Amino acid sequence: MAIERTFSIVKPDATRRNLTGAVCAKLEEAGLRIVAQKRIQMTRENAETFYAVHKERPFFGELVDFMISGPVVVQVLEGENAILKNREVMGATNPADADEGTIRKEFAESIEANSVHGSDSPENAAIEIAYFFSGSEIVG
Ligand code: CMP
């Protein structure tokens, strides 16, 4: 199995409730290594660019407002099969559908305030990592 990198966000609902460490513990327990991390306040332009794929969705405006409502922690995670592994430990987008033991089941407040984001493909992982991190900030 190849070592992959994926991009992760600890969202404002989780930073607001001081759950950054609890989320990171879940990621590390799943075998993922946090090889880059920083706490930032996204600008509206950041959020609109990052979520541009959802621009036509009815929830786009609310999603952007939510993502700039407080600080986020952006991360690069590394490990075997990291993209799928991270999606498994995150759980379903809607916490009502998430499996027991997943981050969203334990911590998410709603489908919007769902505590974490994770890349859905190798292509998007590369794009998302490059949007927030330079190569020298990633130390595996
Ligand atoms: P994320 O994995 O960050 O990717 C897009 C986000 O849009 C998703 O998590 C949810 O937080 C949000 N989202 C998806 N569907 C809905 C919805 N129906 N209503 C509000 N937000 C949504």
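The combined condition, being open to solvent by 20 Å² or more (accessible area, probe 1.4 Å), touching a helix residue (DSSP H, G or I) at 6+ places or on another chain (Cβ under 7 Å), away from the ligand (no atom under 16 Å from the Cβ) and more than 24 Å from Tyr131 (Cβ to Cβ), is fulfilled by Gly31. The set of residues from the range 39-50 being surrounded by fewer than 17 Cβ atoms within 10 Å (Cβ to Cβ) and within 12 Å of the chain's Cα centre (by Cα) is empty. Against the numbered list (1) open to solvent by less than 80 Å² (accessible area, probe 1.4 Å); (2) over 22 Å from Glu4 (Cβ atoms); (3) within 14 Å of the chain's Cα centre (by Cα), Val76 comes up short only at (2).
Out of all the residues in the range 51-62, which are surrounded by fewer than 16 Cβ atoms within 10 Å (Cβ to Cβ) and either aromatic (Phe, Trp, Tyr) or within 8 Å of the ligand (Cβ to nearest atom) (or both)?
Going through the range 51-62, the residues surrounded by fewer than 16 Cβ atoms within 10 Å (Cβ to Cβ) turn out to be 52-59, 61-62.
Hits for the range 51-62 are His54, Arg57, Pro58, Phe59, Glu62.
Of the residues making up the range 81-109, those that are assigned to a loop (DSSP other than H, G, I, E, B) and under 22 Å from Cys24 (Cβ atoms) are Asn81, Gly91, Ala92, Thr93, Ala98, Asp99, Glu100, Gly101, Thr102, Ala108, Glu109. Within the range 129-140, being in contact (Cβ under 8 Å) with a residue 12 or more places away in the chain and open to solvent by 50 Å² or more (accessible area, probe 1.4 Å) holds for Tyr131, Glu137, Val139, Gly140. Within the range 79-128, track down each residue that is more than 14 Å from the ligand (Cβ to nearest atom) and open to solvent by less than 20 Å² (accessible area, probe 1.4 Å). Of everything in the range 79-128, those that are more than 14 Å from the ligand (Cβ to nearest atom) and open to solvent by less than 20 Å² (accessible area, probe 1.4 Å) turn out to be Gly79, Ala82.
State all residues of the range 1-18 that are open to solvent by 30 Å² or more (accessible area, probe 1.4 Å) and of a type outside the set (D, E, K, R); if no residue qualifies, say none. Talk me through it step by step, then tell me what you get.
Here is the first cut: in the range 1-18, the residues open to solvent by 30 Å² or more (accessible area, probe 1.4 Å) are 1-5, 16-18.
Correct list: Met1, Ala2, Ile3, Asn18.
Selection of helices (runs of 4 or more DSSP H) fully inside the range 6-59 by the criterion of at least 1 residues being hydroxyl-bearing (Ser, Thr, Tyr) and without any contact (Cβ under 8 Å) to a residue 60 or more places away in the chain returns 12-16, 20-29.
Please verify whether the range 62-69 includes one or more residues that are assigned to a helix (DSSP H, G or I) and under 21 Å from Ser136 (Cβ atoms). Checked against the condition, which is being assigned to a helix (DSSP H, G or I) and under 21 Å from Ser136 (Cβ atoms), the range 62-69 yields no hits at all. Scanning the range 78-86 finds no residues that are farther than 14 Å from His117 by Cα, β-branched (Val, Ile, Thr) and out of contact with any Phe, Trp or Tyr (no Cβ under 6 Å at 6 or more places or on another chain).
The values are calculated or read from the model by the stated rules, or taken from the named source; none is laboratory data. This one's a predicted model, so the numbers in the text were calculated from it and none came from an experiment. FYI the Cβ positions are ideal-geometry reconstructions off the backbone, even for glycines, and counts take in every protein chain you see. Heavy atoms of the whole protein, side chains included, go into the accessibility calculation; ligands, DNA and RNA do not. Shrake-Rupley method; radii C 1.70, N 1.55, O 1.52, S 1.80 Å.
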